[in-house]
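**Q** My questions all concern the structure below.
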């Protein structure tokens, strides 16, 4: 009888020991018999990733994209009209570009006289006109299939360095008007202190 | 003696997202602030229309009255104003520009340099007076000597667009037409 009791006790102590060992193991893992409390960040990550992609994309979807450079000091203006998607003519201290493609070089606020018609004294800049004619042709083809794009037909946005002489401005505008551009938008940096309509 | 093999431990397969979250949380405010730094705007400008002059005067205009054709010509000495093909004379200096340059500071390469500057306040005031006499007129022709810098053209456009009367803004001549240079 006493032997049986002893055996029972041995079995009990063995199972108790095993239980304690399992508990110890669990405690080591940081588990207390339950699943650990975890923050579900998946939905938050989704929101943030979408926001990040949207912000990165909004840079390239602006109607006019200007890369700051020492060659292009855009003047400040008191207007708040927003730029639209049009053909962009950029006149920097060193070059004239149409939709970011180089048309010809500029030196000391002047273009090479040989590139003009009539040479030297003319207002018509031949390489610029060629590129603008191509640009308006492209606009026309787009407008033929997408009527909403036709609203910007014949409109050009001019981004010009603040030190450009008036003569070059009139040459560029004259050349553009010969390529059937009749309305112009001068891009300026909106002066936040004096916002006006 | 055989070595005891260590029991294989379970590997935590969850991604540690904390560094990625840190990066995104820094990038978002950075992009948001960078967006606001340079706000771009445009000024609408037209070129003179080529074609026969309209025979019929606008309805608000007296039949015998000439069109206003308000013109500002920028030169090195100041601004010359023309209305109805006539020079608006400066009473103090009948041979000089309508609004001569005044003493002030000009910003060259980001630094203020004392010198003669265009008097935009006086221009706005004069245009407001002209607007009082011709309330329906909205067009202005801007013209300049060939070497006048683009920044002054923009400033003249700003000065001629509207006038601030305290909190109120009064529209002056918002339709700009750019003409070829002063010979």
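The values are calculated or read from the model by the stated rules, or taken from the named source; none is laboratory data. These numbers come from a predicted model, not from an experiment. Neighbour counts run over all protein chains shown; Cβ positions are idealised from the backbone, glycine included.
**Q** Out of (1) closer than 28 Å to residue A:112 by Cβ; (2) not assigned by TED's automatic domain parsing to the domain that holds residue A:143, the odd one out for residue A:48 is which?
**A** Of the numbered conditions (1) closer than 28 Å to residue A:112 by Cβ; (2) not assigned by TED's automatic domain parsing to the domain that holds residue A:143, the odd one out for residue A:48 is (1).
**Q** Any residue that is more than 22 Å from the chain's Cα centre (by Cα), over 27 Å from residue A:167 (Cβ atoms) and modelled with pLDDT of 70 or more - is there at least one of those in region A:44-59?
**A** Yes, there is a match, as at least one residue in region A:44-59 is more than 22 Å from the chain's Cα centre (by Cα), over 27 Å from residue A:167 (Cβ atoms) and modelled with pLDDT of 70 or more.
**Q** Kindly evaluate residue B:177 against the criterion of being touching a residue at least 60 places away in the same chain (Cβ under 8 Å), more than 9 Å from chain A (Cβ to nearest Cβ), under 30 Å from residue A:108 (Cβ atoms) and assigned to a helix (DSSP H, G or I).
**A** no
**Q** Could you check residue B:135 against (1) part of a loop (DSSP other than H, G, I, E, B); (2) surrounded by fewer than 16 Cβ atoms within 10 Å (Cβ to Cβ); (3) within 11 Å of chain A (Cβ to nearest Cβ) and say which number it fails?
**A** If we test residue B:135 against (1) part of a loop (DSSP other than H, G, I, E, B); (2) surrounded by fewer than 16 Cβ atoms within 10 Å (Cβ to Cβ); (3) within 11 Å of chain A (Cβ to nearest Cβ), just (3) comes out false.
**Q** Mind listing just one residue for me: the one in region B:1-49 that is in a loop (DSSP other than H, G, I, E, B), facing chain A (nearest Cβ under 9 Å) and under 29 Å from the mean Cα position of the chain (by Cα) and, of those, modelled with the lowest pLDDT?
**A** B:49
**Q** While we're here: Among the residues of region B:53-69, are any at pLDDT 85 or above and surrounded by 12 or more Cβ atoms within 10 Å (Cβ to Cβ)?
**A** yes
**Q** Also: Taking only pairs six or more apart or across chains, which ones have beta-carbon atoms under 6 Å, a first residue in region A:140-168 that is more than 14 Å from every other protein chain (Cβ to nearest Cβ), and a second residue that is assigned to a loop (DSSP other than H, G, I, E, B) and modelled with pLDDT under 90?
**A** A:143/A:153
**Q** Further question on the same structure: Looking at residue A:156, is it assigned to a strand (DSSP E or B) and buried (at least 19 other Cβ atoms within 10 Å of the Cβ)?
**A** Judged against the criteria, residue A:156 is a match.
**Q** Name the single residue, out of those in region B:105-118 being surrounded by 12 or more Cβ atoms within 10 Å (Cβ to Cβ) and over 16 Å from the mean Cα position of the chain (by Cα), that is nearest to the other protein chains (Cβ to nearest Cβ).
**A** Among them, the one singled out is B:106.
**Q** Let me ask something else about it. Taking region A:96-124 on its own, how many of its residues are surrounded by 15 or more Cβ atoms within 10 Å (Cβ to Cβ), free of Cβ contacts under 8 Å to residues at least 24 places away in the same chain and either under 21 Å from the mean Cα position of the chain (by Cα) or under 21 Å from residue A:156 (Cα atoms) (or both)?
**A** 1
**Q** Would you pick out the residues in region A:169-183 that are touching a residue at least 24 places away in the same chain (Cβ under 8 Å) and either crowded, with 19+ Cβ neighbours inside 10 Å or more than 7 Å from every other protein chain (Cβ to nearest Cβ) (or both)?
**A** Scanning region A:169-183 gives A:169, A:170, A:171, A:172, A:174, A:175, A:176, A:178, A:179, A:180, A:181.
**Q** Does residue A:73 count as within 13 Å of chain B (Cβ to nearest Cβ), free of Cβ contacts under 8 Å to residues at least 12 places away in the same chain and either closer than 14 Å to residue A:171 by Cβ or within 28 Å of the chain's Cα centre (by Cα) (or both)?
**A** The answer is no for residue A:73.
**Q** Which of the following residues is touching a strand residue (DSSP E or B) at 6+ places or on another chain (Cβ under 8 Å) and within 17 Å of residue B:43 (Cα to Cα): A:95, A:162?
**A** A:162
**Q** Residue A:131 - would you say it is assigned to a helix (DSSP H, G or I), buried (at least 20 other Cβ atoms within 10 Å of the Cβ) and away from chain B (no Cβ under 13 Å)?
**A** yes
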